[in-house]
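**Student:** If you scroll down you'll find the structure; I have some questions about it.
The values are calculated or read from the model by the stated rules, or taken from the named source; none is laboratory data. Note that the structure is a prediction, hence the values are computed from the model and not measured. Methodologically, a virtual Cβ is constructed for each residue, glycine included, from the backbone with ideal geometry; neighbour enumeration extends over all protein chains shown.
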Amino acid sequence: MVLKLKFRMPAWAAGVVIALVAGAMFVTTATAQNKEPIKIGFSMALTGPLSPNGKQALLGMKIWEEETNAKGGLLGRPVKLIYYDDQTNPSTVPGIYTKLLDVDKVDLVLGGYATNMVAPAMPVIIQKKKTFISLFSLDVNAEFKYPKYFSVLPTGPKPKAAFTEGFFQVAMAQNPKPTTVALTAEDAEFSRNACEGARENAKTFGVKIVYDKNFPPATTDFSPIVRAVQASNADLVVVCSYPLSSVGIVLAVNEANYKPKMIGGAMVGLQATVFKSKLGSKLNGIVNYETWVPSEKMMAPAAEFFKKYQARAKAEGVDPLGYYLGGWGYAYISVLGDSIAGAKSLNDDKIAEYLRKATFKTIMGEWKYGPNGEWTKSGMMQVQYRGIKEGAGLETWKGMSYQTVLTPTALATGKVIYPYEKAK
């Protein structure tokens, strides 16, 4: 006979067990917090033209830091972010990384935001033999070929072409097919790279380039540029630009009542809420790149993060939605965190080895690294803005009603309105 005994724990005993478990968790966390922190250093655009995006990224990174420390840190130690404002000025960047490594003695470094700020850091990083994960930096490792560089930007194995490939795909699906294109680019690292990719795409898709000129980054009057492009009578217009130039060109195109068959491509800035609010209905018809949109499919793994971000955005003085760079800021530092945990080390060589082999699943998607530290597959999109009313506010920008994903096919939410003037 088997005698079965039933034992019910007294309420007071259950309370003691719960307290002991909670205490053990507290001791584990407290022990981690009492140790020397893992210092992660980087520059970030917190003032200047790129700051609306840079501030988003920083808040995303802060949220990661807080969550990581609440879970006990990494390798039994807390993490601490050490950062400086690069002022959207490439000349400040080498000095910042030298200070981080030689004076602050950070354990690890991350790239700042944007091609123009990451490229000047590379010589310092290479000299110091540090692993370097960059944020939205377009093909800066093409010349350096540094084995410990890794990009967080969904351009895939052909980074330069990826920004405008979808633009050309959409255009060439029209009947009749467009035959000519005008290219205009800001004379800066990112936009030159993106424009080089647009030239590749024009050749691939058999479109004749009838205008191809750069303009200075300090340009404030874009009317002459738009008039020159208009005079080329091109079917398509690809613009490669940073935020202030992107805004200036959209305004000048509307003022000139210029109506090519398609316009857009690689215009940074139009993704930020502050610039969408400034331009409003003037955005209608433009086809431009995107890296992430709040569709039901893409929002699912990121919803909890954006809930936290948006609850804090006003107090932090940042973009209220954080869709362009807030989530990516969280994702790119989480990749570093996953690599530290996976390598079980702060050694740069071991972390780089882990980065080369692992598949990363983040709130912004999943990817793996290939040659030059670029993604093995592209995740770039082209969207078209349309149906935007005057006075459109945050509720509009929060959803998908004003933008249609055109490429890639797997993420498409509709077809292009073509030519451009029909979407106006």
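**Student:** Out of the residues in the range 58-76 meeting the condition of being among the aliphatic types (A, V, I, L, M) and out of contact with any strand residue (DSSP E or B) (no Cβ under 8 Å at 6 or more places or on another chain), tell me which one is surrounded by the fewest Cβ atoms within 10 Å (Cβ to Cβ).
**Tutor:** Ala70
**Student:** Next question. Looking at the range 242-251, can you tell me whether even one residue there is under 16 Å from the mean Cα position of the chain (by Cα) and in the same structural domain as Trp397 (by TED's automatic domain parsing)? Quick ask: steps written out before the conclusion?
**Tutor:** So in the range 242-251, the residues under 16 Å from the mean Cα position of the chain (by Cα) come out as 242-243.
Right, trim to in the same structural domain as Trp397 (by TED's automatic domain parsing) and you get 242-243.
Yes.
Residues checked against (1) in contact (Cβ under 8 Å) with a residue 12 or more places away in the chain; (2) surrounded by fewer than 20 Cβ atoms within 10 Å (Cβ to Cβ); (3) outside any loop (DSSP other than H, G, I, E, B):
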| residue | (1), (2), (3) |
| --- | --- |
| Lys259 | yes, yes, no |
| Gly264 | yes, no, yes |
| Gln271 | yes, no, no |
| Lys276 | yes, no, yes |
| Tyr309 | yes, no, yes |
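**Student:** Quick one: Ile225 ticks every box in (1) crowded, with 24+ Cβ neighbours inside 10 Å; (2) assigned to a helix (DSSP H, G or I); (3) among the β-branched types (Val, Ile, Thr) bar one, so which box is it?
**Tutor:** With respect to (1) crowded, with 24+ Cβ neighbours inside 10 Å; (2) assigned to a helix (DSSP H, G or I); (3) among the β-branched types (Val, Ile, Thr), Ile225 is out only on (1).
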